[in-house]
Each structure stands twice: as C-alpha cells, then as structure tokens.
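Only one structure is covered here, and it is reproduced in the block below.
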Amino acid sequence: GPDRTAKTWQEVLGRFPSLKEIASDQAPAILAAGTALGLLLQGDWFHSHEELRQCLGALERQALKHISEEYKALAEVERRKRLRLPTKRAAKNHRRACKVARKAMERHDRARQAEPLFEKAMSLFDEGGQWVSFSESCELIEQGLAILREVEAPYRRKVARAYEPDRILNFKAVIEAPLDVAEDLPELEMGEFIQVAIAAVRPCPSDPKAAF
C-alpha cells in the first residue's frame with residue numbers, strides 16, 4: 001500500500017518552509033509529522049464525533065443486553081408460575097437482573113449528558129448567539145470527559161485523545177488570535193462578531209481586487 005508513515009509525511013510537509021498550520025483527519029502519522037515540524041494542527045471533527053458515538057453506542061448496547069436479560073428472567077418466573085413450580089430462585093434472579101439493567105440504563109443516560117457538552121465545545125456560538133471561546137471549549141470538553149470517566153465508559157480514552165484541544169480546537173485559536181477585542185467577544189452579537197473578525201483579517205481595502 002501507499003507509504004503513509006510519519007517520516008514520509010514529515011518529509012512531504014517539510015518541503016513547504018512557510019507552512020504554519022495543517023488541517024487533516026486525525027491519522028496518527030500526520031499528527032506526529034505535524035508535531036515534529038512544530039505546525040499548528042487542526043483535526044477534523046468527524047473522527048472526534050465518531051469516537052464519541054462509538055463510546056455511547058457501546059453503553060447503549062450494554063444497557064439493551066441487560067434489559068433483554070431482565071425480560072428473560074421475568075419470563076422464567078412467569079413460566080414457573082404457570083407450571084406451579086417453585087419461583088423463589090427465579091424471582092431472586094429476576095430482581096438481580098432488574099438491578100443490573102437499571103444500573104446499565106442509568107450509566108448510559110448519564111454518559112449521554114456529555115454529548116451536548118462536546119457539541120457546544122465545537123460550536124462557534126451558543127444558542128444565545130454568544131461566542132464560545134477557546135478556553136470555554138476546553139472547559140466543556142473536560143466536563144464531558146469527567147462524565148465519561150465517572151461512568152467508566154468504554155473507549156473513553158480514545159474519546160479523550162480525539163478531543164485534545166491542541167488537536168481539535170486550534171481553529172478557535174486562529175480566529176481569536178488577530179482580534180484585539182478577544183476579551184470582549186462574549187459580549188458581541190453574532191453579526192457584530194463577524195464584522196470584527198472580517199475587519200481583523202481582511203486585506204487592505206486600497207486594492208479593489210483584494211476586497212471581498
């Protein structure tokens with residue numbers, strides 16, 4: 001197959017001495033090459049969300065499995081009742097299965113509370129039209145990861161890697177960097193922010209061809 005090692009990527013990217021930042025998927029080789037060259041990295045969001053979906057999906061499957069086992073335990077109790085057989089042990093098994101299923105559902109529901117935190121962290125603006133800063137996004141990601149650690153969610157370490165701020169949030173740092181009013185961004189309405197951002201990065205208007 002094609003050579004996609006970190007060494008090869010570093011050689012290719014190193015041919016562009018003026019290169020300051022790269023946007024790519026989150027392939028380890030590309031990220032390693034970019035880090036070695038001191039480039040600003042921006043990973044794609046798709047793979048971050050995929051890792052989160054895998055994590056939450058695993059919890060959902062576990063919950064459904066335990067719910068199914070609870071139904072089977074209940075069916076066994078009912079079967080024994082119909083046959084006028086002792087039900088004490090079957091009832092005990094059913095109570096145990098209920099407890100396990102309930103815990104699995106609570107674990108899944110708690111983990112789901114992390115999802116909107118990650119979504120907000122990746123947004124430019126919140127529902128009220130206020131800028132979601134780089135630092136606020138970092139805090140939101142940490143809150144989401146704390147929930148996944150709390151419930152001992154599977155794949156939580158993969159989610160943590162996928163949402164590393166230096167890997168996924170640099171687009172916000174790039175937007176905020178040229179703005180002298182960065183500390184006032186939360187007070188700006190969306191339209192006002194866009195005007196300030198354009199003014200900060202817009203080419204010199206003396207050249208009509210450079211205007212946009």
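The values are calculated or read from the model by the stated rules, or taken from the named source; none is laboratory data. The structure presented is a predicted model; accordingly, all values stated were derived computationally and were not measured. Don't worry about glycine lacking a Cβ; one is built from the backbone with ideal geometry, like all the others, and counts go over all protein chains shown. Quick note on the areas: whole protein, heavy atoms, side chains included, nothing else; ligands and nucleic acids left out. Shrake-Rupley method; radii C 1.70, N 1.55, O 1.52, S 1.80 Å.
What the table below lists for this structure:
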item: Pair list, Cβ < 8 Å and 6+ apart or interchain, from the range 32-59 residues that are open to solvent by less than 40 Å² (accessible area, probe 1.4 Å) and small (Gly, Ala, Ser) to residues that are at pLDDT 90 or above and not in a helix (DSSP H, G or I); result: Ser48/Met122; Ser48/Tyr163; Ala58/Ala153; Ala58/Pro154; Ala58/Tyr155
item: Helices (runs of 4 or more DSSP H) (entirely within the range 24-126) containing at least 1 residues that are hydroxyl-bearing (Ser, Thr, Tyr) and at negative phi; result: 28-36, 45-82
item: Pairs where the first residue, in the range 138-167, is closer than 21 Å to Leu31 by Cα and the second is polar (S, T, N, Q) and assigned to a helix (DSSP H, G or I), C-beta under 6 Å, 6+ apart; result: Tyr155/Gln54; Ala162/Ser48; Tyr163/Ser48
item: Any hit, the range 68-84, residues being touching a His at 6+ places or on another chain (Cβ under 7 Å), surrounded by 15 or more Cβ atoms within 10 Å (Cβ to Cβ) and among the β-branched types (Val, Ile, Thr); result: yes
